1. Highest first, please rank the peptides 151-164, 82-95 by the mean number of other Cβ atoms sitting within 10 Å of their residues.
2. So how many Lys-Lys pairs in the chain land under 20 Å Cα to Cα, not counting same-chain pairs under 8 apart?
3. Whole number in Å², please: accessible area per residue of the chain, 1.4 Å probe, ligands, DNA and RNA not counted.
4. Can you give the accessible area of MET115, probe radius 1.4 Å, in Å² rounded to 10?
5. Mean shadow of region 42-86, computed from the convex hull of its alpha carbons, in nm²?
6. Taking a ≥ b ≥ c as the square roots of the Cα gyration tensor eigenvalues, with a/c under 1.5 meaning rounded and otherwise prolate when a/b beats b/c, else oblate, which class fits region 129-190?
7. Please state, as a whole number in µm²/s, the translational diffusion coefficient that the Stokes-Einstein equation yields for the chain at 20 °C and 1.002 mPa s, with Rh defined as the Kirkwood radius across alpha carbon pairs.
8. What do you get for Rg/Rh over region 9-92 if you use C-alpha atoms and the Kirkwood form of Rh?
Amino acid sequence: MKYFILFGPPGAGKGTQAGAMVEAFNLCHISTGELLRAEIAAGTPLGKQAQALIDDGNLVPDEVVEGMIESQFNSVQGVDGFLLDGFPRTTAQADVLGALLKRRGEALSGVISIMIPDTMIYERIRHRAEIEGRADDASDEIIRHRIDTYHAKTEPLINYYRARDMYHEIDGTGTVDEVRDRIFALLEKLF
């Protein structure tokens, strides 16, 4: 079984590329946000725990997110691997993921990071805001905050995985197809 992490700043094209990666390489895409909403909608014990925390205005703790990811690892069948999107977000979460995979007799196959310059992040997010009518993407102040948050939270993970020779950076500039070709070439080497 293969286990990949998908990184990239806002607007890098993670969502666009994840769909193609899943289809071409028979992966299960695990987006922590989507997973959380699905667990809540299904009324699972983890979903109920998460909903209670959210209702009280609290963030869902790492343990709940980790439990949902492990549940997916245990229940999804017929795939050749998993593509994690949105987890881990901290080095502590990376340690937990490593321990979880080790308990399963597995290991992380690689971290795929789609990189674009900050100036392009602004362009792409503004464009997305126009097309999708997303007010949360329209403000330069909000975009700057999202970029700052990405750099503050993700860069320690880049160094964490780079030190373990697991980090692979993809040039996210160019057309969707050009970026996809770069990702697919990398995945073919990692499979």
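1. 82-95, 151-164
2. On the way: LYS2/LYS14; LYS2/LYS102; LYS2/LYS189; LYS14/LYS153; LYS14/LYS189.
For the chain, qualifying lysine pairs total 5.
3. Working: 9940 Å² over 191 residues.
The answer is 52 Å² per residue.
4. Looks like 50 Å² after rounding.
5. Details: hull surface 14.9 nm².
Taking a quarter of the hull surface, the average projection is 3.7 nm².
6. Working: a/c = 3.86, a/b = 1.36, b/c = 2.84.
Oblate, because a/c is 1.5 or more while a/b does not exceed b/c.
7. Details: Rh = 17.6 Å.
For the chosen part, D equals 122 µm²/s.
8. Numbers: Rg = 13.7 Å, Rh = 13.8 Å.
When Rh is taken as the Kirkwood radius, the ratio is 0.99.
The values are calculated or read from the model by the stated rules, or taken from the named source; none is laboratory data. What you see is a predicted model; the values in this text were computed from it and never measured. Because the Cβ atoms are built from the backbone with ideal geometry, glycine has one as well, and the counts that use them run over all protein chains shown. The area values use the complete protein model at the heavy-atom level, side chains included, leaving out ligands, DNA and RNA. Shrake-Rupley method; radii C 1.70, N 1.55, O 1.52, S 1.80 Å.
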